[in-house]
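The next block holds one structure in the form of structure tokens; read it before the comments.
The values are calculated or read from the model by the stated rules, or taken from the named source; none is laboratory data. Model, not experiment: these values are computed from the prediction. We place every Cβ from the backbone using ideal geometry, glycine too, and count neighbours over all the protein chains shown.
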Amino acid sequence: MRDTYSAQEVESEVQAQWKAKDVYRAVEDAVGADGQPKPKFYVCSMLPYPSGKLHMGHVRNYTLNDVMYRYYRMKGYNVMTPMGWDAFGLPAENAAIAKNVAPAAWTYNNIADMKTQMEPLGLAFDWSREVATCKPDYYRWNQWMFLKMLEKGVAYRKTQIVNWDPVDKTVLANEQVIDGRGWRSGAVVEKREIPGYYLGITQYAQELLDDLSKLDGWPEQVRRMQEHWIGRSEGVTLAFPYEFDGEAKKLTCYTTRPDTLMGVTFVAIAAEHPLAQALSKGRDDLQAFIAECAKGGVSEADMATMEKKGVATGFFVNHPITGAPVEVWIANYVLMGYGEGAVMGVPAHDERDFAFAKKFGLPIRQVVGKEGETFSLDAWEEWYGEKSEATHLVNSGEFDGLPFHQAFDAVVAKLESLGLGHREVKFRLRDWGISRQRYWGTPIPMINCPHCGAVPVPYEDLPVTLPEDLVPDGSGNPLAKCEAFKRCKCPKCGADAERETDTMDTFVDSSWYFQRYCSPDCDTAMVDKRADYWMPMDQYIGGIEHAVLHLLYARFWTKVMRDLGLVKYDEPFRRLFTQGMLMAECYYREGADGRKRWFYPDEVEVQYDEKGRPVGAICKEDGEPVTLGGIEKMSKSKNNVVEPRDIIKKFGADTARSFVMFAGPPDQSAAWSNSGAEGTYRFLRRVWAWAYANRDAVRAAGAIPAELSREAKHLRREIHAALKQAEYDFDRMQYNTVVSACMKMFNTIDAFDVKAEGDAACVREGASILLRVLYPVAPHITTALFGELGFADEMGDLIDAPWPKVDEAAMEADELHLVVQVNGKLRGQITVAADADEKTIEEAALANPDVQRFIDATVRKIIIVKRKLVNIVAK
């Protein structure tokens, strides 16, 4: 055994042992020592994008996963934790444009680099199950599933309104439109209607909503976010009749507030609405406004924040109940893709309508009243839109006085009797548009024939392989220019045809990868019976930023797979854990042009006050001041990324793992600290030094005898109490306090002097427990010491050693330390036997010299609070 701790040597040796034994390969038929099948446990972190570099934030995420793997394996479970790569997507295309390389080459190089960076961490990944979503053997099944959805009517084609960059000739995501311009080209973005493919997630909206109640292992916050996103509402689809070119027509809209119908003073329609297009003929003002609206965003978020603009058409529709004329406005805050593309304007009881009416001087008619509240036309109040039995209708004719629910029902009944409305449940959720006019993604398996239209690629011709040698130049999708890819024959008529050049949204790739991990080598189906063994996943770990779209799409995809008979479960993830971010200090200097230059931490010398608080910093290179930018999320853009390879080189992987666990509760953000890492390293070095100094004594120690010294009993009591707390914290994923428990446990062992018979045996037991509890967090040093101290000889390799059992009897104290009060004030302490009766306790309390000094009168009574204190009440 080495006399000093060399993290790099220890970790290299231990990892070589693991690799030689292939210890992380998961199998479905694992059995325990008793010959019985082990219960399975599938834990998985959300797969990363292969950006090329790991930082300590990644280390924190994957260590969480790893700690859970090792803990459950010691508890007797058959555990699997795989890893793969979310390898398609726009970042690869952007990097390819910047570097003039093919996205495929860039992606595969990054995957290789990141695997190399992961290896020193000793993560328990079963790499035999690795998937990369850009590989044809994976995305083949995206295409297969798409065709199955097409057959079921879940996938379909329709025209969609998108953000179009006329310079880059590509569709932009909403977040790529900045102040109405393309993020890369700076060109004014246009709204265009282009055909695209959709997945009918709304067909599963109610089930997705209902099944949230089953997910009691998910954070409540995430369930609420999904519930809001699905957005179930009960309302009415109603119609405003009108006549156009001598033909009777209806302008329909959906509302959840039919009770306010008598307060309608205008109707707003989207610029793309057919009525808007019809009314704009011969109207330069309307055409100009419609053209202006075409430059705006196409998301609900855009609508909520943009300046409300509109133009009156001078055209009127009829109120469905009163028949009164209601003017139609074209408004930029109404989207054609949401609802009917028209909204009824009730400015008195809708905040957005109120702002619009105030801006354009439209009538504001109160129709909802509340006792004790006065309506004002000057400012909006929350109660104006209140939907409760505390409100009632006013200025509403036959409906006056009705509270909300009665008013809702009465207005709906009236509309139904007139044939101008009906009840309807709607969802905020919209069908999932998966078409992307981009290259680096799964090709959509469709062929466009001039005679047959859009024709599915035959199953036997899958996969439609994406050429990997194309280099995008920013001027549209390279597939559209690749004749070798485009040219094909129509499967129906044999005529010359063209392949679809749109690729799938990358959320498709991440919607089922965790199921493919279960049977990654299956070449006859997406998954096989092994998925029914491992799934549903027992623990999923990832960031809160994926709380809605990724998780919602994964749930939807699983339900479609179930309906196709591929799997037998309804939900993919039993438990979900959303980890906090790892933060780090950042430093910058602002230039004359206002731009900030961000410095790496090792380029800066920080100055501290007498209390150790940072008060300033200078650049080491020029000695000039730099600004303290505060604690921010680790980000390459701010150069506050701490790379694992630097920490591992200096302190070792176990220190990196232990500190990111110790830094704070895993579900909360935590700050990286070099001094904190150094402190963790010192702790591990102390553990090694103690083991080296006591190796012979630990190996030679025998069994724990029946009779122990008072000190040995105290040692066991402290060890088992810490074990019990650590086990509780492991179960609730509070790994920061697990590390604290290990430190406490070690300090107790380190301070113990072996004197009496049996003491050494208790120390041996404590060391065995310490190494097993610390192992999931710091697996290398503990594995090495487990062998060096002889524990592997009796329990086998640490990775499969049994989890230590709490000895409840050891935690029972022989003696009790009780505080003694006189008239409620602390005056002394006594020590009595744990089984002492009340009379003995009273006598000990009264005999204590410190207490006697305060009893100068008659004792009226003595109150004993069991195992805590004695209170003497004296006159």
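Among the candidates 291, 348, 357, the residue that is at pLDDT below 95 and either in a helix (DSSP H, G or I) or under 19 Å from residue 382 (Cα atoms) (or both) is uniquely 291.
For residue 402, the conditions (1) over 26 Å from residue 328 (Cβ atoms); (2) surrounded by fewer than 18 Cβ atoms within 10 Å (Cβ to Cβ); (3) of a type in the set (A, V, I, L, M) are fulfilled apart from (2).
Quick check on residue 687: is it at pLDDT 95 or above, in a helix (DSSP H, G or I) and in contact with a Leu (Cβ under 6 Å, 6 or more places away or on another chain)? In short, no.
Could you tell me how many of the residues in the range 589-629 are among the β-branched types (Val, Ile, Thr), exposed (fewer than 15 other Cβ atoms within 10 Å of the Cβ) and within 22 Å of residue 647 (Cα to Cα)? Total satisfying the criteria: 1. Regarding residue 488, is this residue outside any loop (DSSP other than H, G, I, E, B), touching a strand residue (DSSP E or B) at 6+ places or on another chain (Cβ under 8 Å) and either surrounded by fewer than 23 Cβ atoms within 10 Å (Cβ to Cβ) or at pLDDT below 95 (or both)? Yes, satisfied.
In the set (1) farther than 27 Å from residue 677 by Cα; (2) at pLDDT below 95; (3) buried (at least 22 other Cβ atoms within 10 Å of the Cβ), residue 31 fails one condition alone, (3). The residues of the range 222-251 that are of a type in the set (Asp, Glu) and part of a strand (DSSP E or B), listed by number, are 234, 243, 247.
Could you tell me which residue of the range 1-21 is nearest to residue 789 (Cα to Cα), considering only residues that are in contact with a helix residue (DSSP H, G or I) (Cβ under 6 Å, 6 or more places away or on another chain) and assigned to a loop (DSSP other than H, G, I, E, B)? In this case the residue turns out to be 1. Screening the range 434-475 for residues that are of a type in the set (Gly, Ala, Ser) and surrounded by fewer than 16 Cβ atoms within 10 Å (Cβ to Cβ) and picking the one that is farthest from the chain's Cα centre (by Cα) gives 453. Selection of first residues in the range 96-123 that are more than 21 Å from residue 644 (Cα to Cα) and modelled with pLDDT under 95 and of second residues that are outside any helix (DSSP H, G or I) and among the aromatic types (Phe, Trp, Tyr), restricted to Cβ pairs under 8 Å at least 6 apart or on distinct chains, gives the following pairs, ordered by first then second residue: 96/440. Pairing residues of the range 728-752 that are closer than 21 Å to residue 61 by Cβ with residues that are among the hydrophobic types (A, V, I, L, M, F, W, C) and in a loop (DSSP other than H, G, I, E, B), at Cβ distances under 8 Å and at least 6 apart in sequence or on separate chains, gives 735/777; 736/663; 738/777; 739/777. Residue pairs whose Cβ atoms lie under 7 Å apart, sitting 6 or more positions apart in sequence or on different chains, and linking a residue in the range 663-692 that is more than 22 Å from residue 734 (Cα to Cα) to a partner that is of a type in the set (A, V, I, L, M) and surrounded by fewer than 18 Cβ atoms within 10 Å (Cβ to Cβ), are 692/1. Does at least one position in the range 194-205 carry a residue that is modelled with pLDDT under 95, in contact with a Lys or Arg (Cβ under 8 Å, 6 or more places away or on another chain) and surrounded by fewer than 17 Cβ atoms within 10 Å (Cβ to Cβ)? Yes, the range 194-205 contains at least one residue that is modelled with pLDDT under 95, in contact with a Lys or Arg (Cβ under 8 Å, 6 or more places away or on another chain) and surrounded by fewer than 17 Cβ atoms within 10 Å (Cβ to Cβ).
The set of residues in the range 734-757 that are of a type in the set (Val, Ile, Thr) and within 15 Å of residue 712 (Cα to Cα) comprises 748, 749, 754. Close contacts from the range 567-592, counting a first residue that is β-branched (Val, Ile, Thr) and a second that is in a loop (DSSP other than H, G, I, E, B) and surrounded by fewer than 21 Cβ atoms within 10 Å (Cβ to Cβ), with Cβ to Cβ under 7 Å and a gap of 6+ residues or different chains, come to 578/219; 578/667. Within the range 397-409, the set of residues being part of a helix (DSSP H, G or I) and either touching a residue at least 40 places away in the same chain (Cβ under 8 Å) or closer than 15 Å to residue 365 by Cβ (or both) comprises 397, 399, 404, 407, 408. With respect to the conditions (1) crowded, with 19+ Cβ neighbours inside 10 Å; (2) among the β-branched types (Val, Ile, Thr); (3) over 20 Å from residue 773 (Cα atoms), residue 97 lacks only one, and its number is (1). Every condition in (1) under 30 Å from residue 29 (Cβ atoms); (2) assigned by TED's automatic domain parsing to the domain that holds residue 460 holds for residue 513 except the one numbered (2). I need the full set of residues from the range 476-488 which are more than 40 Å from the chain's Cα centre (by Cα) and either in contact (Cβ under 8 Å) with a residue 24 or more places away in the chain or within 21 Å of residue 95 (Cβ to Cβ) (or both), in order please. Within the range 476-488, 488 is the sole residue that qualifies. When the range 630-641 is limited to residues that are of a type outside the set (Val, Ile, Thr) and assigned to a loop (DSSP other than H, G, I, E, B), the one that is farthest from residue 60 (Cα to Cα) turns out to be 639.
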